[in-house]
2 protein chains.
Amino acid sequence: MSDIEIAQANERTEMLPITKVAETIGLTPDDLELYGKAKAKLSYPTLKRLAEKKPGKLVLVTSINPTPAGEGKSTVTIGLGDALNLRHQNAVIALREPSLGPVMGMKGGATGGGYSQVVPMEDINLHFTGDMHALTTAVDTLAALIDNHLQQGNALNIDPRRITWNRVLDINDRSLRHTVIGVGGATSGVPRENSFDITVASELMAVLCLSKNMHELKARISNIVIGFTYDRKPVTVADLEVTGAIAMLLKDALKPNLVQTLAHTPTLIHGGPFANIAHGCNSVLATQTALALGNIALTEAGFGADLGAEKFMDIKTPVLGKTPDAVVIVATVRALKYNGGQPLKELTTENLDALKNGFKNLKKHIENMQRYGRPVLVAINQFVSDTQAELDALIKACADLGVQAFASDVWGQGGKGALPLADALVAALDQPGEFKPLYDVNKPVKDKILTIVQKIYGGADVVYDHKAELALKTIAQNGWDHLPICMAKTQYSLSDDPKALGAPTGFTMHVRDIQPKLGAGFLVVLTGSVLTMPGLPKRPAAMNMDVSDDGVISGLF
Amino acid sequence: MSDIEIAQANERTEMLPITKVAETIGLTPDDLELYGKAKAKLSYPTLKRLAEKKPGKLVLVTSINPTPAGEGKSTVTIGLGDALNLRHQNAVIALREPSLGPVMGMKGGATGGGYSQVVPMEDINLHFTGDMHALTTAVDTLAALIDNHLQQGNALNIDPRRITWNRVLDINDRSLRHTVIGVGGATSGVPRENSFDITVASELMAVLCLSKNMHELKARISNIVIGFTYDRKPVTVADLEVTGAIAMLLKDALKPNLVQTLAHTPTLIHGGPFANIAHGCNSVLATQTALALGNIALTEAGFGADLGAEKFMDIKTPVLGKTPDAVVIVATVRALKYNGGQPLKELTTENLDALKNGFKNLKKHIENMQRYGRPVLVAINQFVSDTQAELDALIKACADLGVQAFASDVWGQGGKGALPLADALVAALDQPGEFKPLYDVNKPVKDKILTIVQKIYGGADVVYDHKAELALKTIAQNGWDHLPICMAKTQYSLSDDPKALGAPTGFTMHVRDIQPKLGAGFLVVLTGSVLTMPGLPKRPAAMNMDVSDDGVISGLF
């Protein structure tokens, strides 16, 4: 059965009213704003009350670098949550909201798979509770207000060539990457170049995800720099006097969404910034709420541990005010063999040499995560083609590093497939050891970047393009150097070369540009070419989709 | 108090759970999909069941041509609904969904005013249940799929210069009226000109509003012509093989939304196509549902009776399968005096001459509506500055035409302000008289246009630009001439000159172009310059808006 068929069969027969799921974590119907029978947002008074509660234990789920072989980080997070609740641990999951754009392009959901899924999966993968649409509207309304300001006399003296605020759509649309707008004469705007990004790549998504309440959201929005004047002064949303309007459009999007796994584990799905151009974690508010509602909060970060987890540790946790108690790294035998040089089409064949060779990638991520001072475990997301010899070799290689690894069949068995991992995790949460951040944010920008490149990526040095050096000057002049670093890098390699698999060393990172994001409160360091608007493939997944006369969706995944 | 203050005070103290409102018209919680406590969508099985029910009586509310003085058609519709229910008539209201774009520009809601409002007004005027966002996503996803088709080899041989499918945003953004997309090199699309419209101006909005179920929606979507090949053959959504994907994105948007007036009258708010470029009525499904749930269904059509009501009669009712039992025309003393030449700033001063002179506009709309064969009443939406002499003169002028007119203070008194109007309306519903359509759709296109121009607008003749003549050839070649006519004309005048107030006669209409809309199933006849993407004013309303730390909105209206 496909993921959507498993989900639909279970949704029909097994899904609980979301009010019942909420009841299991002490929430009443008054705490909820329902969206249909299976989705709800948490109200402002409820969020305020929960913010005061003593937090549970925090577990971060991350992974090796993504490969075409598939890793299944969300699937493991969901299965592990279900396993913890089979052990009566009162686990609550916090995940990112999927972007709709990629859904139309390539088959593959963002709500787990097999018997480890969050439901209702069709809703979550499509419009859900409208958060993405609210963000799209807010980003594009701000853009319209900026262009209207130019049109109506430009009192702020904004340089149209130096506007850094892009428009967005939650759609994979390569033809909007580079556009010319405002043509067609004097009544149709000021002509200028303009780019559309995918919604999740906008700074406003990062802003939403780093705000613990409306007060903080407004403060961050007001600080957003949308461009520069002709005399190179930054122009903020506050200067445009539209902070309130933009925040108003996000009034409901700020509230985390409650859904359930197929096994009824309460799951907060909220916020999903890109893990390359932004910090790649679900909202601070969702994680904080999961910590308040559960004894254990399980959350994940995007892409591999070099991108998502590093940013989780160094960008998200200072805002959250809570550091992880343990880290789980997801790996697959298939992906490690791919890292070890075995071609994609041969991954179902046993190959212990390729596995051993590709293990370097997992080893580097284990060492990186251990650096933060808390216990690290490995979840081997099991595939039917994995041989016992391969699983044994991988578990032994981890053990040699002092790390417990567990083959977990969460796709086929749900929580039951991850019970040994769950038990080991519970034991690890109480181990002694202090969390240590990677760098001191008050160090110079180049020092912070070098620390990440050398300690996390395994590189030797960093070189800066002229554009990046100019950006560093602007950053220094405006006193923005104390901000944490958000690396924009390929997710496919620890280096900035997407083809360098395994654990490359000795390389020099190439910084093209540095974009200050004053609302999000970090400096985006662009290395290599980072795409902020994906395209569609030759035969888009949209061509397989349908909806019956009764409203039943097919071909989604 | 402002509209938002009245609404908020009542929402806090008076608003019923929507389940309770639903109960008054025989719906159970199982019929509803809740969006918070005060909004709900009706489920597919419920809609299917209601489609079989015997319909109640249908009342169309329309108005004179809009002026800057304000008419208040929605306010009257809402107040009249409340008045009918004070008389225990079991009235259900069906209204259009407001567009978000204009909200950021000019003060003024689309949910009535004073004590005749639908609530929760902030939600309805902002993201509501996400219908507009779903439409935006569907329109732009189709556009991305078209541009991706060009990029990936253009197997259908589409001429990029002849793509007629525009992108949309639900934002007033003049700088997107004319754009160049697909620049930036070989991997970023095929360069071409492209326009963005406001979402409500898209054909897909009209398609949604004319579909009674998912089956019809899919059929209409598949018929949409998105452009032409290099050899001038039409290209449809069916040719692109993405009908299912686009329909899937509208699965929930197709379901009508239930809310309530301040007096708890059940109100369906669903769909809102532009009344110039499209047919300007709420969805057929909402009206059909209101007819099934109420003894009387009250609905409105956009702009003046020359645009909205004519299209209601000749485009919507054939699809609905039910013609109106009575028509109410909304007028104000202020607007008629403005039509009669009194300047905007002097409208609070009594001026019986200006009123008499401006009455010509109302008189023409009365005669137009009477042509359809059913009783016509006039609702005078009362303002505090109206003098008794003015009201008496207006009522007498209507009586001279055999039409009852009633001064109605729905803003200040709600339903209580419209009781005499409600009583007269109830009596009118049972008057004898057959509905007569304006034209036979099987007549030639030019004949149908001339009929509308001569009989409704009061014009003498029609001239066609070269582009319009070419379009007529394409229409004839493809056999599209049997479709009804959707005039795109300025709303400010009965003619195509926005400055010609009152009731101009003898003029020649100028047709620039004719756009076949095969999904909506009508031919859009463009006269004058019709703006499909509004702009923002020098000081946008957005600058007055705010949201408190507790999520309370201010400055919206």
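Bear in mind these aren't lab numbers, they're just calculated from the coordinates by the rules spelled out. For clarity, every value in this text was computed on a predicted model and none was experimentally measured. Please note: Cβ atoms are built from the backbone with ideal geometry, for glycine as well, and neighbour counts cover all protein chains shown.
Of all beta bridges DSSP finds with both residues in region B:399-557, what is the antiparallel percent, to the nearest 5? Once the DSSP bridges in region B:399-557 are tallied, antiparallel ones form about 50 percent.
Each of A:V426, A:P498, A:P102 was placed along the dipole of chain A (beta-carbon charges, centred on the mean Cα), and the one lying farthest toward the positive end is A:P498.
For region A:131-249, the convex hull spanned by the alpha carbon atoms encloses 101 Å³ per residue. Averaged over the residues of peptide A:239-248, the number of Cβ atoms from other protein chains lying within 10 Å of each residue's Cβ is 6. Note on B:162-174: average number of Cβ atoms from other chains within 10 Å of each residue's Cβ is 4. Magnitude of the charge dipole for region A:445-527, about its Cα centre and with charges confined to Cβ atoms of Lys, Arg (+1) and Asp, Glu (-1), is about 140 debye. Counting only DSSP beta bridges whose two residues both lie in region B:445-527, roughly 45 percent are antiparallel. Taking the longest Cα principal axis of chain B as reference, the axis of helix B:388-400 is set at about 70 degrees. For region B:202-260, trypsin sites (Lys or Arg not before Pro) are listed when DSSP marks them as loop and at most 14 other Cβ atoms sit within 10 Å of their Cβ; the list is B:R232. Taking Cα atoms only, the orientation of helix A:284-293 departs from the longest principal axis of chain A by about 40 degrees. Distances between equivalent label points of B:K20 across the copies, with each point positioned 7 Å along Cα→Cβ, amount to 2.7 nm, shortest listed first. Peptide B:337-346 has a mean of 0 when you count, residue by residue, the C-beta atoms of other protein chains within 10 Å of its C-beta. For chain A, the fraction of C-alpha pairs more than 31 angstrom apart is 46%. A simple spin-label model places the labels of B:K396 and A:N154 6.0 nm from each other, with each point 7 Å out along Cα-to-Cβ.
If R0 equals 35 Å, the separation of the Cβ atoms of B:E241 and A:M1 corresponds to a calculated FRET efficiency of about 0.90. Placing a label point 7 Å from Cα along the Cα-to-Cβ direction at A:E52 gives distances to the equivalent points in the other copies of 5.4 nm, listed shortest first.
When the pairs A:K41/A:K538; A:K337/A:K443; A:K212/B:K20; B:K364/B:K436; B:K255/B:K416; A:K48/A:K473 are compared against a 29 Å limit on Cα-Cα distance, A:K41/A:K538; A:K337/A:K443; A:K212/B:K20; B:K255/B:K416; A:K48/A:K473 fall above it.
Distance from the alpha carbon centroid of region B:247-324 to that of region B:136-188 works out to 30 angstrom. Of the residues B:V76, B:G182, B:L438, the one whose Cα sits farthest toward the positive end of the charge dipole of chain B, with +1 on the Cβ of Lys and Arg and -1 on the Cβ of Asp and Glu, is B:L438.
Under the combined filter of DSSP loop state and at most 13 neighbouring Cβ atoms within 10 Å, region B:381-480 retains these GluC sites (Glu not before Pro): B:E434.
Of the residues B:T67, B:A476, B:V21, the one whose Cα sits farthest towards the positive end of the charge dipole of chain B is B:A476 (charges of +1 on Lys and Arg Cβ, -1 on Asp and Glu Cβ, taken about the Cα centre). Distances from B:M106 to itself in the other copies, using label points 7 Å out along the Cα-Cβ axis, amount to 4.8 nm in increasing order. Over the C-alpha atoms of region B:445-527, the Rg to Rh ratio, Rh being the Kirkwood estimate, stands at 0.98.
Considering only the Cα atoms of the protein assembly as shown, their convex hull presents on average a projected area of 40.8 nm².
Computed about its Cα centre, the charge dipole of chain B is approximately 1000 debye, with only Lys, Arg, Asp and Glu carrying charge at their Cβ.
Beta-bridge orientation, chain A: approximately 45 percent antiparallel, per DSSP, counting only bridges with both partners inside.
Ranked by the mean number of other Cβ atoms within 10 Å of their residues, highest first, the peptides A:354-366, B:329-341, B:47-59, B:446-458 fall in the order B:329-341, A:354-366, B:446-458, B:47-59. The C-alpha atoms of chain B define a longest principal axis, and helix B:419-429 lies at about 60 degrees to it. Each other residue within a Cβ distance under 12 Å of A:L204 adds +1 if Lys or Arg and -1 if Asp or Glu, for a net charge of -1.
Rg and Dmax over the alpha-carbon atoms of region B:249-331 stand at 12.8, 39 Å.
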